[in-house]
Structure formats: C-alpha cells, structure tokens
1. Quick test of your reading: applying the under-4.7 Å Cβ rule, which cysteines of chain B are isolated?
2. Could you derive backbone 3J(HN,Hα) for the stretch B:106-114 from the dihedral phi with the Karplus parameters 6.51, -1.76 and 1.60 (θ = phi - 60°), listing whole Hz in sequence and x where the residue is Gly or Pro?
3. Which whole-number percent is the relative contact order of chain B (Cα, under 8 Å, 6+ apart)?
4. Let me check I've understood the local charge: for A:G68, count other residues with C-beta under 12 angstrom from its C-beta, Lys and Arg +1, Asp and Glu -1. What total comes out?
5. Once amide H atoms are built 1.01 Å from N in the peptide plane, which residues 5 or more positions from B:T248, or in another chain, come under 5 Å H to H?
6. Once the Cβ-Cβ distance between B:I378 and B:Y284 is put in as r, and R0 is 22 Å, what FRET efficiency do you end up with, to the nearest 0.05?
7. Rounded if a/c is under 1.5, else prolate if a/b beats b/c, else oblate: with a ≥ b ≥ c from the C-alpha gyration tensor eigenvalues square-rooted, which is chain B?
8. What does the charge dipole of chain B about its Cα centre add up to, to the nearest 20 debye, if the Cβ of each Lys and Arg holds +1 and the Cβ of each Asp and Glu holds -1?
Amino acid sequence: MKKLFLTALILGATTLFAQVAKPIEMPYVDYPMAKGDHDEVAQQYCLICHSWGYVLNQGKKSRPYWKGTVQKMVNEFKAPISKEDQQTITNYLVKHYGYETTSAH
Amino acid sequence: MKHLNRRHFLGAGLLLGASTLLGKELPTKPIAIPQEYVPPIIAFPEKKPMIAVSDRPPLLKSAKGRELFTQPITPNDEFFVRWHLPDIPTFVDLNTFRLEVKGEVNTPLSLSVDDLKSKFEPTEITAVLQCGGNSRKYYKNVGPATHGVQWDHGAMGCAVWKGVRLKDLLEHAGVKESARWVGLNGLEKPAMEETPDFFREMAIAEALEDQIIVAYSMNGEDLPYLNGFPLRLVIPGHFADSWVKMLTEITVLDRYQKSFFMDVAYTVPDNDCECVVSGSDFEYKRKPIASMKVKSVIGYPSSDTVIKKGSKVKVTGVAFDQGKGIKEVMISLDGGKSWSAAKLAAENGKYAFRMWTYEWETKSKGDFSIMARAINRIGNIQPQVDEIGWNAGGYQYNAVDVVNVKIV
C-alpha cells in the first residue's frame, strides 16, 4: 500500500515537470575546420572544451592574438598542450583564421 | 556600403583619427577582406531556431536580429543563451536537486525547488539580462576588434523573473558576523578537472539587497533548460555574468576568493573611464564588470531597410540602465547634428526595457542614419560612437546605436 502511494507520488511529480522529465537532446553542430597544416592537432585539443564555432566567430586575427589565445587556454584553462603543439596550433590558426603582423590584433 | 555610411556620418575628422589609431594595426602583407562566417540557424531544446554561434558550450542568439527589441518582454524561446563550460547536465531531477546555502551561516540549508516555492515568500521582478560582451562587435568602430564572442545586440533580453529573495535565504540560514562575500556556483562544469569552475562572487552587502532573487520562473514558465533550469540568480541592473544558471551553491565567505571568472574574465580597466588606448592588450589593472551602462537599441527599422519616400516610419526600440530609470531617448536622423525626443512608453519597473517610439515622416530620398541615444535620471548618457572608451575584452559597449536606411 505504502509502495503504491509512493509510486503515485512519483508519477504525479513526473507529470508536473513533464518539460524536463527526460534528458534534453542537444543538437550537434558540425562547424567546418580548414584542412591541412595539422588541423588534427587543433581538433585534438581545442575541441576538448569548446566547439569550433568559438574560432569561426572571432574573424581573422593576428599571430599575436592567436598566440595569446592559445596561451590563455593553457595558462588559465589548463589545456594540456605541449609547447610544440601550441606552436602547431598557433601556426594553423594564423594560416587559416588570421594574418601575420607584429601588432597585438 | 555600411562602411561608406558610417564614414558619411562620422565625418572626415574622425576618419583621420581612426586611420591614425588603426595605423599600427595594418598587416605587413596585404590580406583579402575576410569573409564573415555565418553560423547555422538551429532549433535547440525549448527554443525556436536560433543562430548557433556555438553548440558546446551553447551560445545562441535570436535569428530575428533587432526585431526582437520591438517588444517589452523577450519570449523564452527566443531568449539568448550563453554558457561558459562544456559539461552541462542534460537532465535535472527535481526530486534530488538541491540548492545549498552554506559557509559562514548558523544553519546551512539544503532546499528543493519545491521548498523554495512553498516555504518562502514569492517575489517578481521584470529585469534586463545582458551579457557583459553584448554589442562588442561595434568596438571595431573605434579600434581593433576586441577579444571575445563578436556579439551584435543579440546577447540581451528582458523577462519577468519570479522566485525567492536571496536575502530571505541568507537570513533564514543566519549570516554570521564574519560574512563578507557570497560565492555562487551552478551545475555547469569544465571538461577537465583543472579548468577553473564558473564561480562568481558578490559582496555580502549587495547580496542582502531586496531586488536580488533566486528565480524558478521566467515569463510565467519554468526557466528554459538553456537559460538555467531549475534556478538562476537574478541581479537586476547588473550584467549577466553573475546571474549563475542551474544554481546549486550559495556559499557565504569570510574573505574574497580569487578566481578566473571574477579576476581575469569579465573585467575592465580599473580606472575612471574603464578604458585604455585602443589596441593595448590586457596589460592593465582590472576590475570585474558589475552595473550596466545606460543604453538604447533600435528595434525597427534594421540596417539596410529600404523605405518608400512619403511613408511614415515608426522607429521603435528599447532603453535601459542600471536601475536609475530612463529619463529620455533622443533620436537623430541627420548623423547626430540635431536630436529630438522619442515618445517613452510607461515604465515597467526600473530594471526593465523601456519601450520608445519616434514617428518619422520620410520627406526626401537618400541614405539616412537613424541614431538613438538614451539618458537616465542621474544624467548618465550614452557616448557617441567615436567617443566610447575601448577595452580589450570588449565589455559594456553602450555607444549611441545607429542603423542606416535608404529612402527611395
């Protein structure tokens, strides 16, 4: 009897919160990544924490900008990227999503 | 085309200034004009199809653009979305979900959503939620494009929030003498343990202010999942960064805890203008952003609208500030030479969008810049486009809003 009552309660609760009674399904977006220049390294590390949408949204950026951004991922967000791979990712970003310059932007 | 219009109204003087500022930015090699990436429009749970800047973490803005700001309340299914960390639970079980109030309190609390609804006095407030980086793409009018998601005006909305006063929760738990700060944390988690959590803090005096609520309802419904179901903090008049979503922990602290999301992200230069010479990177002493700045946004028409000569245009938009109240919204149709007052709709509480309209009889053909400029009751006024102080993070953009239209 007690068990039945409990079941009814739970069912009641489920109806009340029907909106979230089951997990939501998050769509996956296949943001395009430029091929070549070791895109697999960028894929391996950058996509651990965020979609490629973050990169596409920035527009073209300078080498110092991308270098600083990769460093921020390592220093602040603790991305486990070796020095060599940081360089590879920076080069890839500059080549496909940036430009060479000496200024910060 | 937009460039030409902008130059047209800013005038030659600024152009000179701008080229000096931008001089050091010129790349050493000529580059092709970068094509802006256009993100896809996708329906996320409980949302209409929205522009998906990112899916992980989710960053969404309405596909309607400015049109969203022709109404006083932003619908839940079009409300912008911005998370910081990739691991967000896709299911919250209200039977086990608890909000903890702990730390420097006499009686720690562990409350279900039902407890909040049944044991505390409900309160309601209409308030603007605006990302600190909203509109930051327009900083490139005065300097280099800043760091961060290049939002247009899409990272804001206004909703009716219902919930429990944070003050009531803190008083129920009994704040100890030693309390100085209140730490806030929710269910979004990083992919790696070492990554800093999305942890936010506010001074105890502020946390005890009447208008701050732990909301369980948005526009009369449960909060949409992507806007922080089941609970989110609401800090009227403040930028969105401390409106923690899926709020689970309120920790009263005896001292400030340094953290990435308080001390590094969401910061502006710690000086009077909260700005630096454009182009300088983050090499400055910083402070967290907090109160919003007075702002107006044109909802209609949008840029590049073509209007037939002789038609009456009802220029419409919203204005808001940190909660002092909007005093006036001024409209210019001649590039800022002359201004006339827009008609303000009734105030919907001091933290909400204030709607305004301006009837424009289009008498001559040509290109026109419509500008909107708000002033609040304590005399804060939006800076002109070329006057706004730049910061590397691109936060708190609030310059005069501009749309360019063509009368034919």
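1. That list is B:C131, B:C158.
2. 6, 10, x, 10, 9, 10, 7, 4, 4
3. 18 percent
4. Details: positive: A:K61, A:R63, A:K67, A:K72; negative: A:E76, B:D281, B:E283.
Around A:G68, the charge tally is +1.
5. It is B:N185, B:G186, B:L187, by chain and number.
6. Numbers: r = 27 Å, r/R0 = 1.22.
Approximately 0.25, to the nearest 0.05.
7. Since a/c reaches 1.5 and a/b is larger than b/c, the shape of chain B is classed as prolate.
8. 1740 debye
Read-outs: derived from the displayed coordinates by stated rules, not from any lab. Since we're looking at a predicted model, the values are computed, not measured. Neighbour counts run over all protein chains shown; Cβ positions are idealised from the backbone, glycine included.
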